[in-house]
Amino acid sequence: MEWREVVEHPSLKDLPFKIETNEWGKIMMAPASDLHGLYQGRIYGWFDRHGEGGIPSTECPVETSKGVRVADVAWRSRAFLETHGIRKLALPQSPEIVVEIESPSNSAAELEEKRLLYFEKGAKEFWLCDEDGNMRFFNPCGELKRSELFGEFPGHIEIDIAR
């Protein structure tokens with residue numbers, strides 16, 4: 001299936017799953033959890049408050065050599081936006097930062113493949129949030145102690161239910 005067909009298909013709208021495609025155009029789905037959505041919201045909110053010079057998004061589709069992968073959160077600079085614009089379908093290049101939030105349904109191999117696919121499409125950094133809110137940061141050369149683009153981003157995401 002082409003990505004346009006996935007996006008426009010009436011039976012695939014409003015599903016409680018993230019939809020991606022593999023290299024053969026087959027749809028892959030991953031169930032979302034409440035905790036996943038909370039981490040996604042916190043990371044997006046941080047970028048929205050501190051990510052000067054760009055904008056964040058959630059559920060960001062990127063065309064890769066193995067189908068469309070959808071980053072949980074992405075941040076793209078104004079320069080990226082000027083070059084690629086805002087798309088109705090998947091982006092042909094990866095935004096500078098892509099963030100994946102681990103779910104019980106993710107395997108380490110799947111997350112590693114996503115990381116490599118995003119770098120292949122031009123990502124500068126790949127961030128990984130585990131199920132406990134711990135953050136890991138990568139550039140194409142390997143793991144980093146902190147983000148090189150946003151060094152002030154916390155190494156742990158708190159979900160404070162007392163707010």
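Laboratory data are not the source of any read-out in this text; all were calculated from the coordinates shown. Bear in mind the structure is a predicted one, so any value in this text is a computation, not a measurement. Cβ: placed from backbone, ideal geometry, glycine included. Neighbour counts: every protein chain shown.
Quick one: count up the residues across the range 90-112 that are over 17 Å from Glu143 (Cα atoms) and in contact with a Gly (Cβ under 8 Å, 6 or more places away or on another chain).
2
Step by step: first the residues of the range 32-65, then only those that are among the hydroxyl-bearing types (Ser, Thr, Tyr) and touching a residue at least 40 places away in the same chain (Cβ under 8 Å), then the one that is surrounded by the most Cβ atoms within 10 Å (Cβ to Cβ). Which residue is that? Step through it out loud before you land on a result.
Residues of the range 32-65 among the hydroxyl-bearing types (Ser, Thr, Tyr): 33, 39, 44, 57-58, 64-65.
Those still in the list that are touching a residue at least 40 places away in the same chain (Cβ under 8 Å) too: 33, 39, 64-65.
Details: Ser33: 15, Tyr39: 23, Thr64: 21, Ser65: 9.
The extreme case among them is Tyr39.
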